[in-house]
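Asks: Take a look at this one; I'll ask things after.
Any read-out appearing in this document is the output of simple, stated calculations on the displayed coordinates, not a laboratory observation. Because the structure is predicted, anything quoted here is derived from the model rather than measured. All Cβ positions, glycine included, derive from the backbone under ideal geometry; neighbour counts span all protein chains shown.
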Amino acid sequence: MRHQKARKRMGSSSSHRKAILRNMVTSLFKHGQVETTDAKAKQLKPVAEKMITLAKRGDLHARRQALSFIREKAVTHRLFDEIKDRYTNRPGGYIRIVKKGLRKGDAAPVSVVQLLPAEEGAKKKGRKKTKAPAEPTTKKRASEEAKPKAEEETAPQESAPSQEPVEETNPEKAEAESDDPS
């Protein structure tokens, strides 16, 4: 009986399934992306992310563990030298699966498994920082907020010429007006 066997079998034996995953992980790190069915893509993602985590650890034991799984030695060296630098600040999620559609021959759902680029790898996932409490403000009505703005707009500006008529002071007129008793 198959009780509590949660793993997807992908229609093959355990040795064949392991060989498929080893080949796909090697191809993913060699080429940067792999096109495969949705079921295989979902199986590939945690295995590939584990290899990147080993590369981030970077010690001899981690390198030997990766070499025992990845098929090509050159791909493992590339993983430990180049690929791990993209994800040094990222706590996880190095792979994305993009749904492509249905395969023409058998209508199987196909996906593209990609390594995330370096600029997306720099973004951090995690808890959002809480904002500092804002200064306590009193609630104002909309009419009260609009009044100061209206006063500022109507106040005369220094650079603009004033619109009030300026009285001309003529000394002869001023004397004539001061002599006139009316």
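Asks: Please rank ILE70, ILE83, ILE20, fewest neighbouring Cβ atoms within 10 Å first, as an exposure proxy.
Replies: Fewest-to-most Cβ neighbours within 10 Å comes out as ILE20, ILE83, ILE70.
Asks: Please work out the C-alpha center-to-center distance from the range 83-115 to the range 1-77 and express it in whole Å.
Replies: Here the two parts' Cα centres lie 13 Å apart.
Asks: Within a Cβ distance under 14 Å of ALA108, other residues only, what is the Lys/Arg minus Asp/Glu net charge?
Replies: Combined, the nearby Lys, Arg, Asp and Glu give +3.
Asks: Answer rounded, prolate or oblate for the range 50-91, using the Cα gyration tensor with square roots of eigenvalues a ≥ b ≥ c: rounded when a/c is under 1.5, else prolate when a/b is larger than b/c, else oblate.
Replies: prolate
Asks: Please list, in chain and number order, the residues 5+ apart from THR37 or on another chain whose amide H is under 5 Å from its amide H, with Hs placed from the backbone.
Replies: SER111
Asks: Whole-Hz ³J(HN,Hα) for each residue in the range 24-38, computed from phi via Karplus 6.51 cos²θ - 1.76 cosθ + 1.60 with θ = phi - 60°, x for glycine and proline: what do you get?
Replies: Per residue, the Karplus-derived 3J(HN,Hα) values read 5, 5, 4, 5, 5, 6, 6, 10, x, 7, 9, 9, 7, 6, 4 Hz.
Asks: Here is a further query. What is the fewest-to-most order of VAL34, VAL112 by other Cβ atoms lying within 10 Å of their Cβ?
Replies: Fewest-to-most Cβ neighbours within 10 Å comes out as VAL112, VAL34.
Asks: Which number comes out as Rg/Rh for the range 14-121 once both Rg and the Kirkwood Rh are worked out on C-alpha atoms?
Replies: On the Cα set of the range 14-121, Rg over Rh gives 0.98.
Asks: Take the cross-link list LYS50/LYS73; LYS8/LYS30; LYS30/LYS99; LYS84/LYS104 and give me the ones stretching past 29 Å between alpha-carbons.
Replies: Going by Cα-Cα distance, LYS84/LYS104 fall outside the 29 Å limit.
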